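The values are calculated or read from the model by the stated rules, or taken from the named source; none is laboratory data. Please read these numbers as outputs of a predicted model, since none were measured by experiment. All Cβ positions, glycine included, derive from the backbone under ideal geometry; neighbour counts span all protein chains shown.
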Amino acid sequence: MFQTRAASLMNSRDSTLAGLLMRPRYEILPLDGIEDQVFEHLDTQVVKVTVTASPRKGLGPTVALAERLALGGYAVVPHVSARLVRDQAHLDDIVSRLAAAGVRELFVPAGDAEEHGEFAGAADLLEAMASLRSQFDEIGITGYPESHHLISDEETIGAMFAKAPMATYIVSQLCFDASVIEQWIRQVRQRGTQLPIWIGLPGRVDYAKLVRISRKIGLGESTRFLSHHRNWLSTFVTRQFKPDKLIEALGPSLSNPAAGVAGFHLYTFNEVASTERWRRTSLERLGVG
């Protein structure tokens, strides 16, 4: 009886995991070559593609790439970083261009630019969008399981409450510790925010690149956690991180309806081909061909 129950639980978790892997979000950087990678490796009917914004290059490359991918048939989600939007006229122009290209979803982070124009944070930008928000089916905001390197914990918590009524889902910042992610999800729910949560995970990414970027964006605890758990790299010879162990550790939250996990937001760091191979292999292992 115990074995039957255990097998049933395993089958339930596998089914849940397969469902989440069948409809992922892939985050990419608007750099040279990435457009070709997306068209070559990603199915327009399966993967939703999110396009980040660079404080150094501004929103121009993000909007332009989002337009091209949308016209190519992808469900695309450009990052409209609040601190990179100069003023209301700039915002109106961005929204107009994206809507004309058929973009139906936006992701609105504060952004990491040290200087900013009219909008200091995501809540300011979302308020300024007002009726423009109705042009989009979905609007996402950021959640921080760990401390943000530029914003205090108190500010990020307050911002969550301010932004939530103007958004439809939350994407968690990159974190490598399942216990930290699960605790954060519980805290979000305890504070009364019930928006669906997309858990941010690294894709199948070069290990050195992952540690380097994690340090750059201020993920101190996660970087230390990653460095101390190199046994997670089952293929360490290739020096590529695989999210399997992290996903396995998140199993209870993934299958708990109260957690409200909508799916996986995979930070590819433009390693699209290897991340997609990993996803398809994972689905095959779960019995989904």
(request) Could you tell me whether any residue of the range 100-109 is farther than 22 Å from Arg25 by Cβ and either in contact with a strand residue (DSSP E or B) (Cβ under 8 Å, 6 or more places away or on another chain) or of a type outside the set (Phe, Trp, Tyr) (or both)? (result) yes
(request) Please give the number of the condition Pro61 fails out of (1) crowded, with 22+ Cβ neighbours inside 10 Å; (2) under 20 Å from the mean Cα position of the chain (by Cα); (3) over 25 Å from Gly263 (Cβ atoms). (result) (1)
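Might you check whether a residue that is modelled with pLDDT under 80 and surrounded by fewer than 20 Cβ atoms within 10 Å (Cβ to Cβ) occurs anywhere in the range 180-197?
no
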(request) May I ask you to list pairs of residues, at least six apart or on different chains, whose Cβ atoms are under 9 Å apart, with the first in the range 108-120 being over 17 Å from Arg56 (Cα atoms) and touching a residue at least 24 places away in the same chain (Cβ under 8 Å) and the second being part of a loop (DSSP other than H, G, I, E, B) and polar (S, T, N, Q)? (result) Val108/Ser81
(message) Looking at Ala128, Ala75, Ala64 in this structure, which one is in contact with a helix residue (DSSP H, G or I) (Cβ under 8 Å, 6 or more places away or on another chain) and in contact (Cβ under 8 Å) with a residue 12 or more places away in the chain?
(response) Ala128
(request) Give the number of residues within the range 95-124 that are buried (at least 22 other Cβ atoms within 10 Å of the Cβ) and modelled with pLDDT of 95 or more. (result) 5
(request) Please identify the pairs in which a residue from the range 24-51 that is of a type in the set (Asp, Glu) has its Cβ atom under 7 Å from the Cβ atom of a residue that is buried (at least 16 other Cβ atoms within 10 Å of the Cβ) and at pLDDT below 95, counting only partners at least 6 apart or on another chain. (result) Glu27/Thr52; Glu27/Tyr267; Glu27/Thr268
(request) Assess whether Pro145 counts as being in contact with a Cys (Cβ under 7 Å, 6 or more places away or on another chain) and either under 30 Å from Gln240 (Cα atoms) or modelled with pLDDT of 95 or more (or both). (result) yes
(request) Any residue in the range 249-267 that's modelled with pLDDT under 95: show its pairings with residues that are part of a strand (DSSP E or B) and of a type in the set (Gly, Ala, Ser) at Cβ separation under 9 Å, as long as the two are six or more apart or on different chains. (result) Tyr267/Gly200
(request) State whether the residues of the range 163-171 include one that is assigned to a loop (DSSP other than H, G, I, E, B) and modelled with pLDDT under 90. (result) no
(message) Just the residues that are part of a helix (DSSP H, G or I) and of a type outside the set (A, V, I, L, M), please, taken from the range 48-69.
(response) Gly60, Pro61, Thr62, Glu67, Arg68
